[in-house]
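Notes for the one structure printed next.
The values are calculated or read from the model by the stated rules, or taken from the named source; none is laboratory data. These numbers were taken from a predicted model, which means no experiment stands behind them. Ideal geometry is used to build each Cβ from the backbone, glycine not excepted, and the neighbour counts take in all protein chains shown. When the accessible area is computed, the model is the full protein with side chains, heavy atoms only, and any ligands, DNA or RNA have been set aside. Shrake-Rupley method; radii C 1.70, N 1.55, O 1.52, S 1.80 Å.
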Amino acid sequence: MKTRFNWIFYRLSFLLGSVLLLTAGDVMAATDNSEQASLAKGSELFQTKCSVCHGSEGSGGVGMPLNLDDFLKTTSDKYLQQTIRLGRPGRVMPSFSELSDVQVQSLIKYIRSWKPEIKPPVYDQTHIAGDKEQGKQIFNAICINCHREEGIGGKGTGVTFSRPRDAEIIAPAIGNPAFLASASDQMIKKIIMTGRESTPMMAATSMGLTEKDVDNVVTYLRSLSKELPEHGHEHKPDAAVLTYESSYSLEETIDNIKAAAIGYNFRYIREQTLNRGFVEKDQENKNQYLVYFCNFNFLNQALSVDPRIGMFLPFRATIMKKGDTVMVMTVNPNYLCSLFNNAELREGCEFMSEKYEAMLEESTL
Ligand code: HEC
Ligand code: HEC
C-alpha cells in the first residue's frame, strides 16, 4: 500500500513537475516571442518612417547617423523617446506624435539592436549650475563655427546631400527647444566630453576644454531654452492647390502667364498639353496645358536647404478649358513647404507664394 502510494506520489509529482516545466518553458518562449515581435515591429516602423532620412541601417542620409558607437553610448532611451515624439521644430526632423508609446518603445528597441553590446546610459537629473557668461564666450569662440549662433544648427541637412563639401555631417540644432527639452544637463555634458568619433564633433579635451568649461557651456545652452511650439498649432494648414478662374481665353491666359513670369523674375521654360507623351500627337487634348516656369535663384537656395524639394520643382501651372471657363491651377508652394519641417525653407516658400499668387492673379484677372 505504502509503495503504491509512493509510486503514485512519484508519478504525480513527476507529472506536476513536467507541467510546471512546460508552463515555464511556454512563458519563456512567449516572452521571447513578444521580444521578437516588438523588434520586428520596430524594424518595420523604422523602415517606413525613418529610413528615408536616417538610412536603413541608421548610417545617416538627410538625417544624422544613429548607429555610431558614441551616439548609442551617450544618449539615453528617454532622450530617444522624447526626440521621436517632439522632433525638432523648424528643422527637418519631424515629430511623430501619432505613434503609440508601444510603437516608440519598439523603435528604440530596434535602434539599440544594432549594437547590443552597448548598454543605454541612464542619467541622473542633477542640474549643472556653471557660469553662463563664460559658457557663452566658449560657445561663440568654438561651437558657433558649426552649430551656428545660439545653436540654431548648420545649414542644410544630413550626411550626404546639401552640405558644404568640407563638413561631413551637418551640425544639429543644439539650441533647439525640442533638443533642450529632450536632453538632460548630464547627458549634454557627457556628449561634449565624449565627442562623436568619425564625425566633426570632437571630444572636449581635443577642443582644449576642461570639465569646468563644459559645465559652463551646458549652463549657457540651458539658458537658450525657449518654449516648445504647441503641436499642430504652429501653422494654419494652407490649401494644397491654388485655383484661379481666368477672364481670358486659353491661349491668352498662357501668353499672360509667360509674360508675367518674366516680370516676376521667373524663367518661362516650356508649355505642353497635359497628355503629351501619353497619346498620339493628334489626340492631345488642346484644352489642357501645362506651363513650366522656374526661378533659378530660389531653386538653388531651396535645394541647398533640402534636396527633396527638387521633386516638386520647377513650378508648373495647369491651364484647362471646360465649356466656356478657363481655369488655372497650381500646387501651393506654402503647402509644399509645410510638408518639410524646415523654418528656412518655409521662409523661402512664403516669399515665393506671394510672388506666385500675384503673378497668376495678374494673368487671369
Ligand atoms: C525627413 C527626414 C527625417 C525623418 C523622416 C526622420 N528624421 Fe530623425 N532627424 C532628421 C534630421 C535632419 C535630424 C537632425 C536634426 C537637427 O538638425 O537638429 C534628425 C535627428 C534625429 C535624432 C537625434 C540624433 C542625435 O544625434 O541626437 C534622432 C534620435 C532621430 N532623428 C530619430 C528618428 C527616428 C526614430 C525617426 C523615425 C521614427 C526619424 N528620426 C525620422 C531627419 C529625419
Ligand atoms: C567642427 C564642427 C563642430 C564643432 C566645432 C562643434 N560641434 Fe558639436 N556637433 C557637430 C556635429 C557634426 C555633430 C553631429 C555628430 C553626429 O552625427 O552625431 C555634433 C553634435 C553635437 C551634440 C549632440 C547633439 C545631438 O543632436 O545629438 C552636442 C550636444 C554638441 N555637438 C555640442 C557642441 C558644443 C557645446 C560645442 C562647442 C564646445 C561643439 N558641439 C562644437 C559639429 C561640431
Could you sort S363, S97 by their accessible area in this structure, using a 1.4 Å probe and putting the largest first?
S97, S363
Provide the gained length on full extension for the span A358 to A37, in nm with one decimal, where the gain is 0.36 nm per separating residue minus the Cα-Cα distance.
110.1 nm
Would you mind checking K78/K136; K115/K190; K78/K132; K119/K189; K136/K212; K119/K226 for any pair whose Cα atoms are more than 23 angstrom apart?
K78/K136; K78/K132; K119/K226
Given a Förster distance of 45 Å, the FRET efficiency implied by the Cβ-Cβ spacing of Q134 and E347, rounded to the nearest 0.05, works out to 0.85
Taking 0.36 nm per residue of separation and subtracting the Cα-Cα distance, what length does fully extending Q47 through Y264 add?
73.9 nm
In terms of Cα to Cα distance under 18 Å, which lysines are near enough to K49, apart from those fewer than 8 places away along the same chain?
K41, K109
Net charge near I118: determine it from the other residues with C-beta under 9 Å of the C-beta of I118, scoring Lys and Arg +1 and Asp and Glu -1.
+2
Can you tell me the length gained on complete extension of the stretch L99 to F278, counting 0.36 nm per residue apart and subtracting the Cα distance?
60.4 nm
Order K190, K115 by their accessible area, 1.4 angstrom probe, all chains in place, largest first.
K190, K115
Measuring with a 1.4 Å probe in the full set of protein chains, what accessible area per residue, in whole Å², belongs to region 241-364?
53
